[in-house]
Structure formats: C-alpha cells, structure tokens
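Bear in mind that the values in this text are calculations on the coordinates, not laboratory data. Just so you know, these numbers come straight off a predicted model, no measurement behind them. As a convention, Cβ positions derive from the backbone with ideal geometry for all residues, glycine included, and neighbour counts pool all protein chains shown.
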Amino acid sequence: MRSPSLKVSYIGSASLEILEEGVKPDIVLVCCGGGGLVSGVASGFKLSGLKDCRIYAVEPQGSPTMFESYKKGSPVTMRVKSIAGGLSPPFAGTRTFQHCKKYVKDVILVSDQELLDTMQQFYKRGLVVEPSGCAAMAALLGGHIPDIEGKKIVVFVTGGNVTPSEMVSLLQ
C-alpha cells in the first residue's frame with residue numbers, strides 16, 4: 001500500500017499540469033470528501049509558488065466532515081447523508097486535514113439541490129457528471145465564493161461514475 005504522503009503528491013500533479021498550460025489561477029475550487037484530492041491539488045499550487053491563490057474545498061451540507069474538522073481544529077467522525085456518495089466519508093483524514101489546514105483557505109458547503117441543479121446544467125451541455133463531481137461548480141454557480149470579479153478561476157469537475165438510470169432518477 002502506498003503512503004498517504006505519496007498519494008497526495010500524485011494528486012498534486014493535477015495542479016502542475018494546469019500550471020504547465022500557463023494558467024495561474026487566483027481561485028481554485030475542488031470537491032472534498034476525505035480531503036485527498038483537495039489537499040494534493042492545494043499542495044501542488046502552493047508549493048509551486050502561488051502563495052496568494054485562494055483554494056476552497058467544497059462539501060455537501062449533509063456530509064460536512066472537513067468543514068466540521070476545521071471548526072473543531074482536528075479531524076472529526078460523524079454521520080453523513082448526501083446524494084454525493086463520493087464526498088460522504090464519515091471522517092476527515094488526519095493527514096489530509098493537516099494539508100488542508102495548511103493550504104486550503106476555507107471549506108464551502110453546498111446543498112444537495114445545488115448539486116442536482118449543477119448536474120442538470122452539465123447534462124444540458126452534454127456532460128455526464130455525478131453529484132460528487134458537481135460540488136466545486138455548484139459552489140461557484142451558487143454564489144458561495146467571495147470576490148470573484150476579474151479573477152482567474154479553476155474548477156475541478158470530477159466523476160462520471162453514474163449510470164443512465166441513476167441520472168434519470170436524480171434529475172426527475
């Protein structure tokens with residue numbers, strides 16, 4: 001099994017790919033479950049010199065493990081319930097929490113309805129995205145991110161792990 005540090009560094013390569021394309025974002029939005037993706041992405045941007053880049057983790061309101069961990073100051077375990085199963089672990093990881101506290105500005109919560117509305121918007125544009133993958137865009141579309149005027153924003157949209165029947169059921 002790979003160490004958590006190695007996993008975080010692999011995930012951080014996504015930020016390096018964006019930087020290699022010449023994009024230097026002011027704001028980055030990333031969905032958050034246990035914190036692996038957002039901690040890796042945030043580490044990648046911050047350790048590449050983007051000290052002023054604001055990175056936000058986005059969780060469902062029904063699964064706010066990282067949000068509550070931020071409030072408490074340490075990882076929490078709790079009951080969770082959301083349509084975003086990929087963002088609904090019952091705990092925030094210890095190492096990922098430490099990375100998030102160091103590199104992530106804040107944790108934003110979005111409702112399941114905002115996830116569904118965003119999923120619908122993607123679908124209308126020919127993209128199949130599961131509810132978990134919609135979280136970061138839902139935060140942007142829902143107006144949850146402060147001071148975005150004129151800013152370069154990168155939104156991580158992940159996860160097409162949804163069947164056609166699940167799509168129909170969720171979007172009805």
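Each residue in PHE45, PHE91 was given a count of other beta-carbon atoms within 10 angstrom of its own, and listing them fewest first yields PHE91, PHE45.
Counted by neighbouring Cβ atoms within 10 Å, the residues LEU16, LEU109, LEU37 run from fewest to most as LEU16, LEU109, LEU37. Summing Cβ point charges (Lys, Arg +1; Asp, Glu -1) relative to the Cα centre of the chain gives a dipole of roughly 600 debye.
Exposure proxy check: TYR56, TYR70 ranked by fewest other beta carbons within 10 Å?
On the way: TYR56 23, TYR70 19.
Least crowded to most crowded, the residues run TYR70, TYR56.
Working ranking of peptides 20-28, 57-65 by packing, defined as the average number of other Cβ atoms within 10 Å per residue, highest first, is 57-65, 20-28. Only helices enter this figure: runs of n ≥ 4 DSSP H residues, each worth -39500 (n - 2.57), summed and divided by the residues of the chain, yield -13000 deg cm²/dmol at 222 nm to the nearest 500.
Note on the chain: Lys pairs 8 or more places apart or on different chains, Cα atoms under 14 Å apart, count 12. Of the beta bridges in the chain, as assigned by DSSP with both residues counted there, near 5 percent are antiparallel.
Report the local net charge at ALA84: Lys and Arg +1, Asp and Glu -1, summed over other residues whose C-beta lies under 9 Å from its C-beta.
Numbers: positive: none; negative: GLU59, ASP112, GLU130.
Around ALA84, the charge tally is -3.
Would you please report the Å³ per residue occupied by the convex hull of the alpha carbon atoms in the range 27-93? Working shown, then result.
Working: hull volume 5.4 nm³, N = 67.
It comes to 81 Å³ per residue, whole-number rounded.
Could you tell me the calculated FRET efficiency between VAL23 and LYS51, based on Cβ-Cβ distance and R0 = 25 angstrom, to the nearest 0.05?
Plugging the Cβ-Cβ distance into 1/(1 + (r/R0)^6) gives 0.95.
Efficiency by 1/(1 + (r/R0)^6): what FRET value for LYS72 and MET167, r their Cβ-Cβ distance, R0 = 35 Å, to the nearest 0.05?
Values: r = 36 Å, r/R0 = 1.03.
Here the calculated transfer efficiency is 0.45.
Approximating the spin labels as points 7 Å out from Cα along Cα→Cβ, the LEU127-to-HIS144 distance works out to 1.7 nm.
Dividing the convex hull volume of the Cα atoms of the range 32-172 by its residue count, what figure in Å³ per residue is obtained? Kindly include the intermediate steps, with their values, before the conclusion.
On the way: hull volume 15.2 nm³, N = 141.
In the range 32-172, the Cα convex hull volume per residue is 108 Å³.
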